[in-house]
Amino acid sequence: MKAYIRMFQNYFDFRGYTARGDFWKAFLMHTVIYSILGLVSMELGQPQDQFNFILGVYSLVSSIPFFAMIVRRLRDARKSTANLFWCLLPLIGQIVLVVKLAQPQATFYKNSRV
């Protein structure tokens, strides 16, 4: 939960670093919250418009901090932020990006944490 809160605290911080553990913890929390909102939306039945609005707002609010966290994680793994363009390729691109995000912290940055 702390990693998820830090994701929102560093809302527009594209310069720092995000450790691998913090990234995956925040990713898991984001996925759980989004899944719960989606399940509640499905259970509401026909009058979904209000809840889909809430789900859409959550998606918009969390997209910038999540994007910033991905950029910081790529920097921590000493990968170029140009790797974000892998997302444009269906399925294969997301797999490649996940592999790059799962890389350990680069030894160059271990002693120069910001």
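Can you tell me which residue among M69, M1 is modelled with pLDDT under 90 and not small (G, A, S)?
Numbers: M69 fails: modelled with pLDDT under 90.
The match here is M1.
Residues that are more than 14 Å from F14 (Cα to Cα) and either part of a helix (DSSP H, G or I) or in contact with a strand residue (DSSP E or B) (Cβ under 9 Å, 6 or more places away or on another chain) (or both) within region 74-98 comprise N83, F85, W86, C87, L88, I92, G93, Q94, I95, V96, L97, V98, listed in sequence order. In summary, L44 fulfils each of the numbered conditions (1) within 25 Å of P104 (Cα to Cα); (2) without any contact (Cβ under 8 Å) to a residue 24 or more places away in the chain with the single exception of condition (1). In region 48-64 there is no residue matching the filter, namely being charged (D, E, K, R), assigned to a helix (DSSP H, G or I) and under 26 Å from V99 (Cβ atoms).
With the structure loaded, tell me whether L37 is in a helix (DSSP H, G or I) and modelled with pLDDT under 90 or whether it fails that test. Step through it out loud before you land on a result.
On the way: in a helix (DSSP H, G or I): yes; modelled with pLDDT under 90: yes.
Here the answer is yes, as L37 does meet what is asked.
Scanning region 17-34 for residues that are over 15 Å from F66 (Cβ atoms) and either part of a loop (DSSP other than H, G, I, E, B) or among the β-branched types (V, I, T) (or both) yields Y17, A19.
The values are calculated or read from the model by the stated rules, or taken from the named source; none is laboratory data. The shown structure was predicted, so the numbers you read here are calculated from the model rather than taken from an experiment. Please note: Cβ atoms are built from the backbone with ideal geometry, for glycine as well, and neighbour counts cover all protein chains shown.
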